[in-house]
1. Could you tell me whether any residue of the stretch 189-199 is closer than 21 Å to residue 288 by Cα and without any contact (Cβ under 8 Å) to a residue 40 or more places away in the chain?
2. Please identify the pairs in which a residue from the stretch 226-243 that is within 23 Å of residue 215 (Cβ to Cβ) has its Cβ atom under 7 Å from the Cβ atom of a residue that is part of a helix (DSSP H, G or I) and modelled with pLDDT under 90, counting only partners at least 6 apart or on another chain.
3. Mind checking whether some residue in the stretch 315-323 is over 30 Å from residue 134 (Cβ atoms), in a loop (DSSP other than H, G, I, E, B) and modelled with pLDDT of 85 or more?
4. For the stretch 74-143, which fully contained helices (runs of 4 or more DSSP H) count at least 2 residues that are polar (S, T, N, Q)?
5. Give the residues of the stretch 1-60 that are surrounded by fewer than 17 Cβ atoms within 10 Å (Cβ to Cβ), within 20 Å of residue 317 (Cβ to Cβ) and among the polar types (S, T, N, Q), sorted by residue number.
6. Could you check the stretch 166-193 and list, in sequence order, the residues that are closer than 19 Å to residue 280 by Cα and among the polar types (S, T, N, Q)?
7. Any idea which of (1) among the polar types (S, T, N, Q); (2) modelled with pLDDT of 85 or more; (3) touching a Cys at 6+ places or on another chain (Cβ under 9 Å) is the one residue 235 doesn't satisfy?
8. Just one of 82, 118 is within 14 Å of residue 143 (Cα to Cα), surrounded by fewer than 17 Cβ atoms within 10 Å (Cβ to Cβ) and in contact (Cβ under 8 Å) with a residue 24 or more places away in the chain; which is it?
Amino acid sequence: VSNALVDFYGKCGCTDDAYRAFKGISEPDIVSWNGLISGLASTGHISSALSTFDDMRLAGFKPDYITFLLVLFACSHGGLVELGLEHFQSMREKHEIAPQLDHYACLVDLLGRAGRLEDAMEVIMTMPFKPDALIYKTLLGACKSHRNIALGEYVARQGTELDPSDPAFYVLLANLYEESGQPDLAKSTRRVMRERGLKKNPGQCWMEIRNKVHLFNAGDRSHPQINEIHEKVESLITELKNRGNLYQDYEDSSYHSEKLAVAFGLLRTPRNASIRISKNMLICSECHNFIMLVTQFVDREIIVRDGNRLHVFKKGECSCMVAASLQQDEIFHNSVCHS
């Protein structure tokens with residue numbers, strides 16, 4: 001029961017409660033430690049997650065398969081490439097744990113986020129496992145982030161050959177073209193996707209208020225309070241403009257499911273109460289920035305669990321920005337050490 005509490009609080013973003021639940025366990029086991037590390041890593045507390053991993057080893061516990069997935073996740077989202085590589089190498093050399101496909105996927109994510117795309121591809125080509133669709137999508141997402149069209153096209157071909165029915169490869173490739181200034185290629189990719197009868201999975205958010213689950217789809221008008229919700233979104237955008245945030249993106253994406261859920265939460269939850277939202281895929285960058293800015297003038301904590309991690313927005317900041325800060329620190333450190 002105690003381990004379940006640690007896991008529960010961690011998944012909810014209540015890291016202080018997770019830590020208290022952990023401290024209340026008289027004889028913690030590896031599941032207890034993993035639960036605490038997971039909660040810290042998923043909420044952007046990268047340094048705390050890694051120091052907890054160190055504490056676990058000092059306490060005499062041997063890390064297992066799950067522990068290293070969590071540590072590699074933390075290093076990946078913290079931009080701690082060299083440390084992540086060290087931990088991956090230590091699995092076999094120090095702990096006699098053979099890395100599995102999941103660990104290699106984390107390694108690809110670690111390298112891809114850092115822009116080391118060729119190294120990430122080399123991992124896929126040399127690992128002792130047949131690549132699956134997920135690992136190709138991970139690298140294609142990194143190609144999109146770093147606008148590497150040549151490698152992105154190759155990875156997309158490999159992925160679609162492996163799973164022709166997965167629309168994610170077409171969506172990611174089209175977005176790569178779009179963000180790289182190739183709108184015609186983006187349009188042709190989406191056309192091929194339609195011709196093959198594939199549809200992009202719609203973005204959805206849901207939240208529970210007073211024991212009732214409310215579902216929001218992008219552009220959907222089926223919610224009984226939808227007019228009031230739209231008015232709230234528009235008032236938030238107006239407030240952002242009045243404060244000097246004149247981004248057109250907020251208007252273009254004003255009916256994204258994230259914004260609808262945030263507006264409804266502000267309307268229907270007690271003042272000062274945290275707003276908890278779940279999303280079936282990654283939160284888009286516009287909505288991420290929108291929520292972050294909204295919490296500058298709305299005294300609320302807004303917690304969004306997307307398809308990858310937990311985002312805790314408060315006072316104009318997000319927990320994932322800690323990871324970005326750590327990544328910049330490592331880039332600076334490496335540039336100084338190699339200059």
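1. Filtering the stretch 189-199 down to residues closer than 21 Å to residue 288 by Cα leaves none.
Looking through the stretch 189-199, none of the residues is closer than 21 Å to residue 288 by Cα and without any contact (Cβ under 8 Å) to a residue 40 or more places away in the chain.
2. So the pair list comes out as 237/250; 237/251.
3. Looking through the stretch 315-323, at least one residue is over 30 Å from residue 134 (Cβ atoms), in a loop (DSSP other than H, G, I, E, B) and modelled with pLDDT of 85 or more.
4. Details: elements: 81-93, 101-113, 117-126.
Qualifying helices (runs of 4 or more DSSP H): 81-93.
5. 47
6. 175
7. Result: residue 235 fails condition (3) only.
8. Numbers: 82 fails: within 14 Å of residue 143 (Cα to Cα).
Exactly one residue qualifies, and that residue is 118.
The values are calculated or read from the model by the stated rules, or taken from the named source; none is laboratory data. Note that this is a predicted model, so its numbers are computed, not measured. Heads up, the Cβs are rebuilt from the backbone with ideal geometry, glycines too, and the neighbour counts pull from every protein chain shown.
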